[in-house]
């Protein structure tokens, strides 16, 4: 099977950029990205750009446009995010030879240091500003995070991949069933849902001198606000975890009240992400980029490790370590 992205040659990328009357001075440089194809180039004025080609058939045009409109709304409110470029007609989603793509001015910088209190405070403030704007409306076309439905979908995709042997399948189904029982008590209503970045890991936060911007809103969705915060809490020791948490809360509350009632959702959301991640890998396996980047998915040892990880997360769900 020939994957659609195989047709995305350097010459096609250059032609797509030129179709917008922007003139690259050299071939685009590929950046680490698997769901989409993301590249950087420099134009004849010396400005650096990011071009993102969206994975075919993943999102509807309206879904992508809602991401772009959210970015523009955030930019208008001076929230530091990677802005989307619009042409003279105000269009941000462009089409070329069957591909959909968007341009973003390059956002320079480095990832924050999560052992730096000033960085944590600054991140908390950015998240507060993000959610302050996000709370003013709701997504219509973007997904909504639903714990149990998302886990069921992920479980089915893993099973359908036939990566698990009979013993692993039994162990996997068992831990998923017990995890779903534990998650059942952590549901939420519409009052907790807000527009979220959705994927706030360090690779999507760039800046310097305690000034950080959020980039790559490809996974933005309706979710509890804590979804944009829990990945910033990286410490394993309870005392260190509470220190990180305190700094983020202090920065966040410079802008708006922190959603303390959602802290109990941190470990359920971590479990959800662990389960969804493996399902994502197997569902994208036909893409050669995934086979090159994640060859261990085909190894039996990976699935043994994944099941052990889920068992450990189930224990943490029942007794979060940071409450010690």
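Is there a residue in segment 305-312 that is farther than 30 Å from residue 159 by Cα and either assigned to a helix (DSSP H, G or I) or at pLDDT 95 or above (or both)? No: segment 305-312 contains no residue that is farther than 30 Å from residue 159 by Cα and either assigned to a helix (DSSP H, G or I) or at pLDDT 95 or above (or both). Residues 69, 78: which one is on the phi > 0 side of the Ramachandran plot, out of contact with any helix residue (DSSP H, G or I) (no Cβ under 7 Å at 6 or more places or on another chain) and modelled with pLDDT of 95 or more? Answer to the check: 78.
Among the residues of segment 134-150, just one is outside any loop (DSSP other than H, G, I, E, B) and buried (at least 21 other Cβ atoms within 10 Å of the Cβ), namely 134. Do we find that residue 127 is closer than 30 Å to residue 109 by Cβ, over 13 Å from the mean Cα position of the chain (by Cα) and modelled with pLDDT of 95 or more in this structure? Yes. Mind checking whether some residue in segment 165-172 is in the same structural domain as residue 307 (by TED's automatic domain parsing), buried (at least 21 other Cβ atoms within 10 Å of the Cβ) and closer than 29 Å to residue 56 by Cα? No. Of the residues making up segment 127-154, those that are in contact with a strand residue (DSSP E or B) (Cβ under 6 Å, 6 or more places away or on another chain) and closer than 30 Å to residue 20 by Cβ are 134, 139, 142, 143.
There is at least one residue in segment 85-101 that is crowded, with 16+ Cβ neighbours inside 10 Å, at pLDDT 95 or above, under 19 Å from the mean Cα position of the chain (by Cα) and over 26 Å from residue 249 (Cβ atoms). Taking the condition surrounded by 15 or more Cβ atoms within 10 Å (Cβ to Cβ), assigned to a helix (DSSP H, G or I), over 19 Å from the mean Cα position of the chain (by Cα) and in the same structural domain as residue 185 (by TED's automatic domain parsing), does residue 301 pass? No; evaluated as a whole, the condition is false for this residue. Selection within segment 40-51: residues that are buried (at least 21 other Cβ atoms within 10 Å of the Cβ) and within 20 Å of the chain's Cα centre (by Cα). The member of this set that is nearest to residue 108 (Cα to Cα) is 50. Every condition in (1) assigned to a loop (DSSP other than H, G, I, E, B); (2) loosely packed, with under 14 Cβ neighbours inside 10 Å; (3) touching a residue at least 24 places away in the same chain (Cβ under 8 Å) holds for residue 162 except the one numbered (3). Give the residue that is farthest from the chain's Cα centre (by Cα), with candidates limited to residues of segment 102-123 that are assigned to a loop (DSSP other than H, G, I, E, B) and surrounded by 13 or more Cβ atoms within 10 Å (Cβ to Cβ). Going through the qualifying residues, I end up with 116.
Among the residues of segment 25-41, is any over 17 Å from residue 100 (Cβ atoms), touching a helix residue (DSSP H, G or I) at 6+ places or on another chain (Cβ under 8 Å) and at pLDDT 95 or above? Within segment 25-41, one or more residues are over 17 Å from residue 100 (Cβ atoms), touching a helix residue (DSSP H, G or I) at 6+ places or on another chain (Cβ under 8 Å) and at pLDDT 95 or above. I need the full set of residues from segment 149-160 which are over 19 Å from the mean Cα position of the chain (by Cα) and either within 20 Å of residue 271 (Cβ to Cβ) or not assigned by TED's automatic domain parsing to the domain that holds residue 280 (or both), in order please. Of everything in segment 149-160, those that are over 19 Å from the mean Cα position of the chain (by Cα) and either within 20 Å of residue 271 (Cβ to Cβ) or not assigned by TED's automatic domain parsing to the domain that holds residue 280 (or both) turn out to be 152, 155, 156, 157, 158, 159.
The values are calculated or read from the model by the stated rules, or taken from the named source; none is laboratory data. Since the model is a prediction, treat every value here as computed from it, not as a measurement. All Cβ positions, glycine included, derive from the backbone under ideal geometry; neighbour counts span all protein chains shown.
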